[in-house]
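**Student:** Pasting in a structure now, in structure tokens, and then I'll have a few things to ask.
The values are calculated or read from the model by the stated rules, or taken from the named source; none is laboratory data. Source: prediction; values computed, not measured. Positions of Cβ are generated from backbone atoms using ideal geometry, with glycine treated the same way; all protein chains shown enter the neighbour counts. Heads up: the accessible areas ignore ligands, DNA and RNA and are worked out on the full protein's heavy atoms, side chains in. Shrake-Rupley method; radii C 1.70, N 1.55, O 1.52, S 1.80 Å.
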Amino acid sequence: MILVERRKTFTPIQNFLLIIIFIFLSLIISSSIFTLKGLNPFYVLSKILLSSFGSLYGIKETITKSIPLILCGVGLSIAFKGKFWNIGAEGQLLIGAVVATWFGLFIGKDLPSFILIPTLFILGFIGGGLIGLIPAFLKVKFNINEVITTLMLNYIIENFVSYLVYGPWKGKTQYGFPYTDNLPQNALLPIIKGSRIHYPTLIIGVILAFLVYLLLFKTKIGYEIRVVGENPLAAKYSGIDFLKVTLFIMFLSGGLAGIAGVGELTGIHKHLTYPFQISSGYGYTSIIVAWLAGLNPLVVIFSSLFFGGILVGGDIIQTSFGFPFATINIFNGLMLFFISASYFFVNYRVRFVRVKHE
């Protein structure tokens with residue numbers, strides 16, 4: 001008979017080692033894909049790591065791709081801490097980009113940059129936050145599963161963005177391509193010379209990671225979020241307002257993803273375009289980022305750098321070995337699966353017990 005028991009003690013070192021073991025297992029399974037292609041998996045994996053962290057260009061690209069992951073990952077850490085399964089960071093990021101495009105292109109294009117750029121970030125935060133409130137409200141009032149609603153909202157928003165760039169917002173200066181016109185120069189973020197790193201968004205992401213850490217572990221509302229996540233019944237009987245906490249965490253979680261969308265728009269693309277160009281699946285990848293960080297906003301900074309490198313490696317295996325970019329999604333999915341499994345074994349142990357028949 002297989003017996004599953006809840007663990008009484010598990011040290012942080014044991015926890016860390018278990019996660020490393022499961023990540024290693026995910027790498028072994030991922031390697032089978034490269035082996036089936038007739039390639040040496042060690043060579044491919046080393047190529048991914050070296051292309052991401054082994055050159056100045058690779059490091060700069062890794063940092064660039066880690067910026068939206070930091071913001072989305074920190075936001076998801078808040079939601080997951082409260083046991084609200086927000087799968088909608090992708091859509092919340094895109095809404096941030098849409099709102100920033102609307103204001104930067106049609107409303108505030110004549111404003112000076114020191115007013116316009118902060119306004120775009122604030123509006124992106126509000127836009128992402130309001131979208132995050134929809135599944136939160138449906139969850140609290142009608143008990144509708146938030147995984148379904150947040151996921152479906154992603155698809156709705158992706159199609160909404162496509163509608164805008166193919167339809168009413170299609171730019172007259174883009175030679176028929178489905179892009180909006182470029183944002184004015186005063187709406188664009190400065191970048192580090194010789195790279196694509198839009199450092200204002202990076203600074204905002206790192207500062208917010210620290211602030212969210214303090215919020216979660218040093219404030220009353222952070223305590224309430226953790227209690228709701230760890231024991232909803234205890235939270236209910238202790239008088240914690242479940243509605244208020246749920247709306248708060250989802251507004252904050254969605255808002256952070258919205259800021260990421262503003263950064264991608266004004267720092268990289270300079271116009272609104274296809275959803276999958278604005279975001280290379282950052283909202284989905286940040287789910288793994290948050291879990292790998294153990295839902296600790298400070299650790300999210302480092303896990304974002306790691307997965308930023310993985311995304312850069314995805315470009316390399318596409319160009320060097322002819323793998324489709326979706327291969328890297330398989331890679332990420334396997335890692336999420338094994339990291340989730342490791343958390344199960346952190347909390348539970350499985351024993352095989354011999355049953356005596358009389």
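**Student:** I need the full set of residues from region 97-118 which are over 22 Å from the mean Cα position of the chain (by Cα) and open to solvent by less than 20 Å² (accessible area, probe 1.4 Å), in order please.
**Tutor:** Answer for region 97-118, where residues must be over 22 Å from the mean Cα position of the chain (by Cα) and open to solvent by less than 20 Å² (accessible area, probe 1.4 Å): 104, 108, 116.
**Student:** From the list 141, 220, pick out the single residue that is surrounded by fewer than 21 Cβ atoms within 10 Å (Cβ to Cβ) and either touching a Phe, Trp or Tyr at 6+ places or on another chain (Cβ under 6 Å) or modelled with pLDDT of 90 or more (or both).
**Tutor:** The match here is 220.
**Student:** I've got another one for you. If we scan region 3-25, do we find a residue that is farther than 30 Å from residue 354 by Cα and polar (S, T, N, Q)?
**Tutor:** No, every residue in region 3-25 fails to be farther than 30 Å from residue 354 by Cα and polar (S, T, N, Q).
**Student:** Taking the condition of being touching a residue at least 12 places away in the same chain (Cβ under 8 Å), within 25 Å of residue 299 (Cα to Cα) and either open to solvent by less than 80 Å² (accessible area, probe 1.4 Å) or in a loop (DSSP other than H, G, I, E, B) (or both), how many residues in region 1-28 meet it?
**Tutor:** Qualifying residue count, region 1-28: 10.
**Student:** Sort out which residues of region 138-155 are in a helix (DSSP H, G or I) and in contact with a helix residue (DSSP H, G or I) (Cβ under 7 Å, 6 or more places away or on another chain), and write them in order of number.
**Tutor:** Listed by number, the residues that qualify are 138, 139, 140, 146, 149, 150, 153, 154.
**Student:** Next question, about the same structure. Quickly run through region 149-170 and pick out the residues that are open to solvent by 80 Å² or more (accessible area, probe 1.4 Å) and either under 17 Å from the mean Cα position of the chain (by Cα) or within 18 Å of residue 82 (Cβ to Cβ) (or both).
**Tutor:** Result: 152, 155.
This table checks each residue for (1) open to solvent by less than 50 Å² (accessible area, probe 1.4 Å); (2) in contact with a helix residue (DSSP H, G or I) (Cβ under 9 Å, 6 or more places away or on another chain); (3) within 30 Å of residue 144 (Cβ to Cβ).
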| position | (1), (2), (3) |
| --- | --- |
| 229 | yes, yes, yes |
| 232 | no, yes, yes |
| 270 | no, yes, no |
| 275 | yes, yes, yes |
| 283 | yes, yes, yes |
| 298 | yes, yes, no |
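**Student:** Looking at region 44-60 only, could you name the residues that are open to solvent by 20 Å² or more (accessible area, probe 1.4 Å) and either of a type in the set (S, T, N, Q) or touching a helix residue (DSSP H, G or I) at 6+ places or on another chain (Cβ under 8 Å) (or both)?
**Tutor:** Scanning region 44-60 gives 45, 46, 47, 49, 50, 51, 53, 55, 59.
**Student:** Looking at region 120-145, which of its residues are more than 23 Å from the chain's Cα centre (by Cα) and β-branched (Val, Ile, Thr)?
**Tutor:** Of everything in region 120-145, just one residue is more than 23 Å from the chain's Cα centre (by Cα) and β-branched (Val, Ile, Thr), namely 140.
**Student:** Kindly establish whether residue 173 is free of Cβ contacts under 8 Å to residues at least 40 places away in the same chain, over 20 Å from residue 79 (Cβ atoms), β-branched (Val, Ile, Thr) and surrounded by fewer than 17 Cβ atoms within 10 Å (Cβ to Cβ).
**Tutor:** Here the answer is yes, as residue 173 does meet what is asked.
**Student:** Let me ask something else. Write out, first by first residue and then by second, each pair whose Cβ atoms fall under 8 Å of each other, whose residues are 6+ apart or on separate chains, and whose first residue, in region 236-257, is within 28 Å of residue 98 (Cβ to Cβ) and in contact (Cβ under 8 Å) with a residue 24 or more places away in the chain while the second is of a type in the set (S, T, N, Q) and part of a loop (DSSP other than H, G, I, E, B).
**Tutor:** 250/86; 253/86; 254/86
**Student:** Going through 31, 77 one at a time, which residue ends up being in contact with a helix residue (DSSP H, G or I) (Cβ under 6 Å, 6 or more places away or on another chain), open to solvent by 10 Å² or more (accessible area, probe 1.4 Å) and polar (S, T, N, Q)?
**Tutor:** The match here is 31.
**Student:** Testing residue 186 on (1) of a type outside the set (Ser, Thr, Tyr); (2) assigned to a helix (DSSP H, G or I); (3) within 25 Å of the chain's Cα centre (by Cα), one condition comes back false. Which one is that?
**Tutor:** It fails just one condition, (3).
**Student:** I'd like the full set of residues that are surrounded by fewer than 21 Cβ atoms within 10 Å (Cβ to Cβ) and among the polar types (S, T, N, Q), limited to region 234-268.
**Tutor:** The answer is 238, and nothing else.
**Student:** Output the residue which, of all residues in region 76-118 that are among the hydrophobic types (A, V, I, L, M, F, W, C) and outside any helix (DSSP H, G or I), is farthest from residue 299 (Cα to Cα).
**Tutor:** My answer is 111.
**Student:** Tell me yes or no: at least one residue of region 305-321 is open to solvent by 50 Å² or more (accessible area, probe 1.4 Å) and within 14 Å of the chain's Cα centre (by Cα).
**Tutor:** yes
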